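Each reported figure results from applying straightforward, stated rules to the coordinates on display, with no laboratory input. These numbers were taken from a predicted model, which means no experiment stands behind them. Every residue, glycine as well, gets a Cβ built from its backbone with ideal geometry; the counts of neighbours run over all protein chains shown.
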Amino acid sequence: MNGTGPRIAIVHERFTEFGGSELVVAEFMKTWPDAKVFAPITEPQCRQQVMQAAGRTDGASHGSISGTWLDGAYAFTGRRSHAPLLPLVPGTLRKLSLGDDVDAVLISHHSFATSAAFATEAPIVAYVHSPARWAWDRTFRDHEIASRSGRMALSALGKLARRGELRAAPRLSHVIANSHAVADRIRDWWGLPSTVISPPVRIDRFSPDRSIPREDFYLCAGRLVPYKRADLAIRAAQRANCRLVVLGDGRFRDRLEAIAGPETTFLGAASDEVLLDTYRRCRALLMPGLEDFGIVPVEAMACGTPVLALGEGGALDTVTPGVTGEHVQAGPDDVVVEQLAALMRDFNPADYDTDAIRARACEFSPEAFRTRIADTVLAAARA
């Protein structure tokens, strides 16, 4: 360890789209400005977004993002899909050249990244967004893929992911879960204890504005992929006869538009400015899917907006019933839809204190995250 602190290498799953896990890596990079970052597959635009979020430039002589030979294969395919390359990721990560002078390696994991534990003798800290949920949970996997052939392919890939996670688990010096629900999965699937450190949320970009009145619509925001369960929000809006605005885009959008009625409006992907304005104006945010953590609801809460969420997963860590929103009990789809619709019919955002909602969101600030991560990694490097 040098005089200015531990020398850290950071390994991320992949840089192909910018989302919550990429924001986590950006905060890692802020915490250790000289750390090199490795990922098996990178998309130039995503890489640039991460560098900007971390306050770096591509021209920096330190703290760069390094890809692998899979980048060339990805480019050769026209960067249409990284999925065919995923079976090659574990072997590539096991052979990473992380350097002999690192004091600890910090891994950002949600499918294969812990395979990098075999590339070094340095202590390993794994920040786990979740064990590969699609690999361990057949119901989740079946929701993701409609075709039989697709489910078979994902099942085979799932076996690879499970085997890789279990093989790497004994090499991890410390495991961090991003929520208590993920900590339970790590315990049940990997047989390991973990520390819960919630991911950072860009609280400074989202704030209340009491001069803007609440309007008569609900909001569903985020990537339009199956596990987010925007379909349940759409069905609940139909049943409650309430207006719903859907912000976001993704491969599930066509199917969602096919089941939506006239009360639902799709606005597509939105800038932070549009998202901020919509958070401030909606009656409440709907989160009907099981999230590992869920950054979108905390962003909404930072605006003083209450959240109606499924009472499972990350929502148990963020949404406090009667204070920052309400939970609906998990169950069959029809039961969840009926509960959500009943809440929507009579919901009054004025019953919730804006300052209390905002204060809860501020507990998930990037500054708090960086402090806890730095302490954990320093302890591992000194062990």
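Structure values in brief
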quantity	calculated
Column: log10 I(q)/I(0), Debye, Cα scatterers of the stretch 203-362, q = 0.13 Å⁻¹	-0.51
Cα-derived Rg to Rh of the stretch 214-254, Kirkwood definition	0.97
Acute angle (nearest 10 degrees) that the helix 366-382 long axis makes with the longest principal axis of the chain, alpha-carbon atoms	30
Residue among PRO306, PRO84, PRO193 with the largest mean-square fluctuation in a Gaussian network model of the chain, springs linking Cα atoms under 10 Å	PRO84
Whole-angstrom gap from the stretch 359-383 to the stretch 293-351, using each part's C-alpha centre	27
GNM flexibility winner over the chain from ASP103, ASP292, ASP272 (Cα, springs under 10 Å)	ASP272
The chain: angle of helix 230-240 to the longest principal axis, Cα-based, in degrees nearest 10	10
Protection proxy ranking of 219-226, 333-340, 107-114 - average other beta-carbon atoms within 10 Å, highest first	107-114, 219-226, 333-340
Within straight-line cross-link reach of LYS36, aspartates and glutamates at Cα separation under 18 Å, skipping those fewer than 8 residues along the same chain	GLU13, GLU22, GLU27, ASP58, ASP71, ASP100, ASP101, ASP103, GLU121
Neighbour net charge for PRO33 - beta-carbon separation under 14 angstrom, K R +1, D E -1	+3
Cα shape, the stretch 77-194, gyration tensor, a/c 1.5 rule	oblate
Listed residues SER271, SER194, SER115, most fluctuating in the chain (Gaussian network, C-alpha, under 10 Å)	SER271
Length-normalised contact order of the chain in % [C-alpha pairs under 8 Å, at least 6 apart]	14
Residues with amide H under 5 Å from that of VAL328, placed H, sequence gap 5 or more	ALA309, LEU310, GLY311
Acute angle (nearest 10 degrees) that the helix 44-53 long axis makes with the longest principal axis of the chain, alpha-carbon atoms	80
Total formal charge among the other residues, if their Cβ is under 12 angstrom from that of GLU215, Lys/Arg +1 and Asp/Glu -1	+3
Rg/Rh for the chain, where both radii come from Cα atoms and Rh is the Kirkwood radius	0.97
Net charge of neighbours whose Cβ lies under 9 Å from the Cβ of SER108, counting Lys and Arg as +1 and Asp and Glu as -1	-2
Residue-averaged [θ]222 nm for the chain, counting only DSSP H segments that reach four residues, each worth -39500 (n - 2.57)	-11500 deg cm²/dmol
Three-way shape label, the stretch 15-102, alpha-carbon gyration tensor, a/c 1.5	oblate
